[in-house]
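**Q** Sharing a structure below in structure tokens format, with a few things to ask.
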Amino acid sequence: MSLKDEKYYPWIVVGLLWVVALLNYMDRQMLSTMQESMKADIAELNQAEAFGALMAVFLWVYGIVSPFAGLVADRVSRKWLVVGSLFVWSAVTLLMGYATSFNQLYLLRGLMGISEALYIPSALSLLADWHQGKSRSLAIGIHMTGIYVGQAIGGFGAVVAAMFSWNETFHYFGIIGMVYAVVLFFLLHENPNHLMSPANDSDGQHHKASVFKSFAVVLSNWAFWVMLFYFAVPSLPGWATKNWLPTLFAENLGIPMQDAGPLSTITIAASSFVGVILGGYLSDKWVQRNICGRIYTSAIGLGMTIPSLVLLGFGHSMVSVVAAGLLFGVGYGMFDANNMPILCQIISSRYRATAYGIMNMTGVFAGAAVTQVLGKWADGGSLGLGFALLGGIVTVALLLQLVFLRPTTDNME
């Protein structure tokens with residue numbers, strides 16, 4: 001019996017993809033911490049606007065490519081997409097260590113956006129196929145912890161750059177990813193049911209849905225529009241905490257950024273780690289008794305983020321701000337672990353990667369927008385008020401989800 005036929009193989013897939021998720025976020029985050037190390041060699045990086053352009057090009061390319069990445073994942077072997085995208089973005093990371101100009105870095109960041117966009121829709125739909133019913137949310141939740149660990153490790157890029165150089169840091173991490181892609185080539189397997197589920201035509205022949213039909217099927221599902229709004233709105237505070245929480249901690253607590261940065265990052269990462277595991281376990285148990293269990297678990301998590309955003313905005317003591325950060329992380333983790341499992345309840349398996357690609361694009365664009373808006377609020381001294389107002393927007397999404405999402409199955413065929 002081959003490895004992929006063993007009953008424990010679905011959990012091996014989780015472990016294999018956990019490492020890829022870590023590398024996915026680690027490689028994209030490193031640049032944000034190594035600006036100071038790179039300034040001496042690439043003069044343009046002394047300008048904040050130029051550095052912001054490097055970060056922005058990744059997000060825009062990543063967002064635009066995401067729906068098409070999902071579309072491809074629904075049509076070809078997701079194993080090859082995962083292995084190929086990992087190899088390419090790791091090679092890009094390696095090449096960034098050889099960059100000598102801003103234009104070279106800009107081009108490479110764009111290429112990284114394309115290659116990394118191929119990963120998430122492929123990986124989550126692959127996990128959803130290997131894990132059905134009793135373990136789907138927990139499996140995806142464990143996978144999400146790899147993202148949080150990757151973000152944390154990426155934040156130490158400056159430390160590694162100080163020990164060696166920024167060039168060598170990119171080289172080492174790029175080589176690690178390329179080697180691991182070779183490991184995945186031998187160990188990762190596609191789910192045997194993938195590409196076998198679409199219905200046959202009347203002549204008995206299998207025909208793949210056209211690109212337009214795939215988008216039409218997903219976008220004509222009114223429940224998906226509810227899900228899309230429900231996913232996009234929490235992305236606003238999700239990206240806000242990633243990009244502006246250190247600043248908020250520094251302002252509200254009156255502490256220097258070198259202290260606020262690690263405190264805020266560790267607070268969110270550690271609590272989100274707990275949240276995805278808790279949310280995944282609770283959802284898998286609850287859905288066995290109530291088909292809406294995944295929705296209720298996600299709603300509880302999202303509900304926890306509402307008071308936490310208000311506390312983050314207006315708290316000025318160490319206890320209140322850190323407690324708010326911990327509450328937000330746990331709640332957001334519970335929400336994060338259940339997005340694909342809920343999507344599986346309303347979208348057929350043959351269109352899930354496409355649907356998640358559209359969701360991913362919407363979430364990234366929402367994040368880009370809120371980052372810019374909060375930047376203006378921060379300049380006006382109202383960053384805390386901006387965080388508190390996000391809590392009100394999340395409340396609308398939560399109510400909409402509870403009223404309109406009523407699944408009839410846990411695995412739409």
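**Q** Stokes-Einstein D for the stretch 35-112 at 10 °C, 1.306 mPa s, Kirkwood Rh over Cα pairs, in µm²/s?
**A** Values: Rh = 13.9 Å.
After rounding, the answer is 115 µm²/s.
**Q** Same structure, new question: Mean Kyte-Doolittle of at least -1.0 and a Cα length of 30 Å or more along the axis: which whole DSSP H helices of the chain meet both?
**A** Values: long enough: 9-33 (36 Å, 0.92); 48-73 (36 Å, 1.71); 166-187 (32 Å, 1.31); 222-253 (44 Å, 0.66); 257-286 (42 Å, 0.63); 293-314 (33 Å, 1.25); 352-379 (40 Å, 0.48); 383-404 (33 Å, 2.31).
Within the chain the helices that satisfy the rule are 9-33, 48-73, 166-187, 222-253, 257-286, 293-314, 352-379, 383-404.
**Q** Do you know the relative contact order of the chain, to the nearest whole percent, from alpha carbon pairs under 8 angstrom that are 6+ apart? Walk me through the numbers before you get to the answer.
**A** Numbers: 694 pairs, mean separation 100.4, N = 413.
Relative contact order comes out at 24 percent.
**Q** Quick one: grab the alpha carbon gyration tensor of the chain, order the square roots of its eigenvalues as a ≥ b ≥ c, and give me rounded if a/c is under 1.5, else prolate or oblate depending on whether a/b is larger than b/c. Intermediate values should be presented prior to the final figure.
**A** Working: a/c = 1.74, a/b = 1.21, b/c = 1.44.
Because a/c hits 1.5 or more and a/b fails to exceed b/c, the chain counts as oblate.
**Q** How much length is gained if the chain between Ala50 and Arg406 is pulled fully straight, taking 0.36 nm per residue apart and subtracting their Cα-Cα distance, in nm to one decimal? Don't jump to the answer; show the numbers that get you there.
**A** Details: separation 356, 0.36 × 356 = 128.16 nm, distance 4.65 nm.
Extra length available between Ala50 and Arg406 comes to 123.5 nm.
**Q** Would you calculate a helix-derived [θ] at 222 nm for the chain, using -39,500 (n - 2.57) for each DSSP H run of n ≥ 4 and dividing by the full residue count, to the nearest 500? Walk me through the numbers on the way to the answer.
**A** On the way: 17 runs with 321 residues, N = 413.
Result for the chain: -26500 deg cm²/dmol, rounded to the nearest 500.
**Q** Moving on to the next point. Under the classification rounded if a/c is under 1.5, otherwise prolate if a/b is larger than b/c and oblate if not, where does the stretch 49-206 fall, given a ≥ b ≥ c as square roots of the Cα gyration tensor eigenvalues? Walk me through the numbers on the way to the answer.
**A** Details: a/c = 2.29, a/b = 1.82, b/c = 1.26.
Since a/c reaches 1.5 and a/b is larger than b/c, the shape of the stretch 49-206 is classed as prolate.
**Q** Right, something else. Please work out the Cα convex hull volume for the stretch 118-192 and give it in Å³ per residue.
**A** Details: hull volume 7.8 nm³, N = 75.
Normalising the Cα hull of the stretch 118-192 by residue number yields 104 Å³.
**Q** Quick one: Cα centre-to-centre distance for the stretch 12-76 and the stretch 99-133, in angstrom?
**A** Cα centres, the stretch 12-76 to the stretch 99-133: 8 Å.
**Q** Here is a follow-up. By the gyration tensor of its Cα atoms, with a ≥ b ≥ c the square roots of the eigenvalues, what is the shape of the stretch 277-397: rounded for a/c under 1.5, prolate for a/b over b/c, or oblate? Walk me through the numbers before you get to the answer.
**A** Details: a/c = 3.07, a/b = 1.52, b/c = 2.02.
In terms of gyration-tensor shape, oblate.
**Q** Here's a follow-up. Using a Gaussian network for the chain with springs between C-alpha atoms less than 10 Å apart, which of these wobbles most: Gly254, Gly275, Gly97?
**A** In this elastic network of the chain, the residue with the biggest mean-square fluctuation among Gly254, Gly275, Gly97 is Gly254.
No value in this document is a laboratory result; all are computed from the given coordinates. A quick note: this is a predicted structure, and the numbers were derived from the prediction, not measured.
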